[in-house]
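Visitor: Quick one: the structure is below, and I'll ask about it shortly.
The values are calculated or read from the model by the stated rules, or taken from the named source; none is laboratory data. All values derive from a computational prediction rather than experimental measurement. Using ideal geometry, Cβ is built from the backbone for each residue, glycine included, and neighbour counts are taken over all protein chains shown. Protein only, heavy atoms only, side chains kept; ligands, DNA and RNA dropped before computing areas. Shrake-Rupley method; radii C 1.70, N 1.55, O 1.52, S 1.80 Å.
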Amino acid sequence: MTFDATDSVTLKIWDKAALHHTLDSAVSDLSARHNTTTCRIAVTCSGPNTFTLSLRGEDRVLTNA
């Protein structure tokens, strides 16, 4: 998996069976590029079968909904 974005990447995932594996790989790749933990990577559903992964800022904290 390769992408050029510095702080975020958007993926269109058609294969539902590969959804979790694909997102896990993308989170790992993005966190490695930024030398940070995977919990600093936010995953949002940005459309049908489309997910955006982005690097969360240091000042943001996880909240429970």
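Visitor: Could you give the nm distance between label points at Cys39 and Asp15, where each point is 7 Å from its Cα heading toward the beta carbon?
Guide: Roughly 3.1 nm, to one decimal.
Visitor: On to the next question. Using a 1.4 Å probe on the protein heavy atoms, what percent of the accessible area of region 6-56 belongs to carbon and sulfur? List each step's numbers first, then the result.
Guide: On the way: 1720 of 3110 Å².
For region 6-56, the apolar C and S fraction of the accessible surface comes to 55 percent.
Visitor: Hey, what do the phi angles of region 14-19 turn into as Karplus ³J(HN,Hα) couplings, whole Hz, using 6.51/-1.76/1.60 and θ = phi - 60°, x for Gly and Pro?
Guide: Values, residue by residue: 8, 7, 4, 5, 9, 4 Hz.
Visitor: Please list, in order along region 31-41, the HN-Hα scalar couplings obtained from phi with the Karplus expression 6.51 cos²θ - 1.76 cosθ + 1.60 (θ = phi - 60°), rounded to whole Hz, x for Gly and Pro.
Guide: 5, 5, 4, 9, 6, 9, 6, 5, 6, 8, 9
Visitor: Could I ask something else about it? Which cross-chain or sequence-distant (5 or more) residues have an amide H under 5 Å from the amide H of Arg56, H modelled 1.01 Å from N in plane?
Guide: Ile41, Ala42
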